[in-house]
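K.L.:
Before we start, here is the structure in question, set down as structure tokens.
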Amino acid sequence: MEKSFSTLPGAWPYQVPQGKRAYVLAGPMSILMLPDTSPERVPDKSVILIEEDSGCMKDFYAQKIAVESSLQGKTVVYLTSHYKDDIVSQMTRYQMRVPPTLQIIDHCHGPGPVREHCTGDLCILDPVSSMVLDLPLPEFRSFLSDLRQRSRTGGSYLLVSDMGVLPHQQEQLLRAVADGVVRFLALQEGDKIRRYMHVLKMKGAIPVDKMIPFTVTEEGLLIDTRERLG
């Protein structure tokens, strides 16, 4: 099938097969857009949760947001419990141009690094599920309250979470406090795996009434918009 290529200012590179149109942007709001609408960014003054049962889609998504936001001149801090070299290697593998202004701070655990380093436009916690796993419930609630308050007076927060790692009550609290929740799903259909986005809620947007199918290429995410979203 013949394929065409297109980009938008602030958008992810993406492939669009003939007969399809989609804007795949550097932010969770992008998946709520209808075809041919103007680009959106990560909602200001918000806490957004990106979660997945198992897999790497949430990491790819968060890293793409980090790179594109930084390239747009935003101050982005990427906190991770992993090694910095591993994060950079993943970004490079997906042909992301990692800007020198992107701050990647590794071996982060507990709320301390958030208070110390998250002072810019966007702070990413990857994965928040392991970074705060050992916090008792009262401290976990205090951490979420602090995140929400900091987001209202400063930059936005993007939380990456592995579903099932945190205790059930903490995981539900995390979803309740977040202004937006986007879940990645991989479902077996016959002998193939189909990937979907499920937007549970998103600040300032009308909820999408269906799961959104997508595929992954080296250029980015390809969303099938033959059916109208929302």
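K.L.:
Name the strands (runs of 3 or more DSSP E) wholly within the range 98-162 that hold at least 2 residues that are buried (at least 22 other Cβ atoms within 10 Å of the Cβ) and within 20 Å of the chain's Cα centre (by Cα)?
P.N.:
Values: elements: 103-105, 122-126, 156-162.
It comes to 122-126, 156-162.
K.L.:
Working carefully through the options Gly164, Gly155, find the one that is small (Gly, Ala, Ser) and over 19 Å from Ala66 (Cα atoms). Spell out how you get there, then give the answer.
P.N.:
Details: Gly155 fails: over 19 Å from Ala66 (Cα atoms).
Result of the check over Gly164, Gly155: Gly164.
K.L.:
Looking at the range 163-174, which of the residues that are in a helix (DSSP H, G or I) and of a type in the set (A, V, I, L, M) is farthest from the chain's Cα centre (by Cα)?
P.N.:
It comes out as Leu173.
K.L.:
Scanning for something of a type in the set (S, T, N, Q), within 30 Å of Gln172 (Cβ to Cβ), part of a loop (DSSP other than H, G, I, E, B) and at pLDDT below 90, does the range 24-44 turn up at least one residue? Walk me through how you get there before you give the answer.
P.N.:
At the first step, the residues of the range 24-44 found to be of a type in the set (S, T, N, Q) are 30, 37-38.
Subsequent filtering for residues that are within 30 Å of Gln172 (Cβ to Cβ) retains 30.
Applying the additional criterion that residues be part of a loop (DSSP other than H, G, I, E, B) yields none.
There is no residue in the range 24-44 that is of a type in the set (S, T, N, Q), within 30 Å of Gln172 (Cβ to Cβ), part of a loop (DSSP other than H, G, I, E, B) and at pLDDT below 90.
K.L.:
Step by step: first the residues of the range 77-97, then only those that are in contact with a helix residue (DSSP H, G or I) (Cβ under 8 Å, 6 or more places away or on another chain) and either over 15 Å from Val160 (Cα atoms) or assigned to a loop (DSSP other than H, G, I, E, B) (or both), then the one that is modelled with the lowest pLDDT. Which residue is that?
P.N.:
To start, the set of residues in the range 77-97 that are in contact with a helix residue (DSSP H, G or I) (Cβ under 8 Å, 6 or more places away or on another chain) comprises 77-81, 87, 90-91, 94, 96-97.
Then keep just the ones that are either over 15 Å from Val160 (Cα atoms) or assigned to a loop (DSSP other than H, G, I, E, B) (or both); that gives 81, 90-91, 94, 96-97.
Working: Ser81: 96, Gln90: 92, Met91: 92, Tyr94: 85, Met96: 90, Arg97: 90.
Among those residues, the one meeting the criterion is Tyr94.
K.L.:
Moving on to the next point. Considering every residue within the range 193-214, establish whether at least one is touching an Asp or Glu at 6+ places or on another chain (Cβ under 9 Å), in a strand (DSSP E or B), among the β-branched types (Val, Ile, Thr) and closer than 29 Å to Lys74 by Cα.
P.N.:
yes
K.L.:
Go through the range 58-100 and give me each residue that's within 18 Å of Ser130 (Cβ to Cβ) and among the polar types (S, T, N, Q).
P.N.:
Result: Gln63, Thr80, Ser81, Gln90.
The values are calculated or read from the model by the stated rules, or taken from the named source; none is laboratory data. If you're wondering where the values come from, they're calculated on a predicted model, not measured in any experiment. All Cβ positions, even for glycine, are placed from backbone atoms using ideal geometry, and neighbour counts span all protein chains on display.
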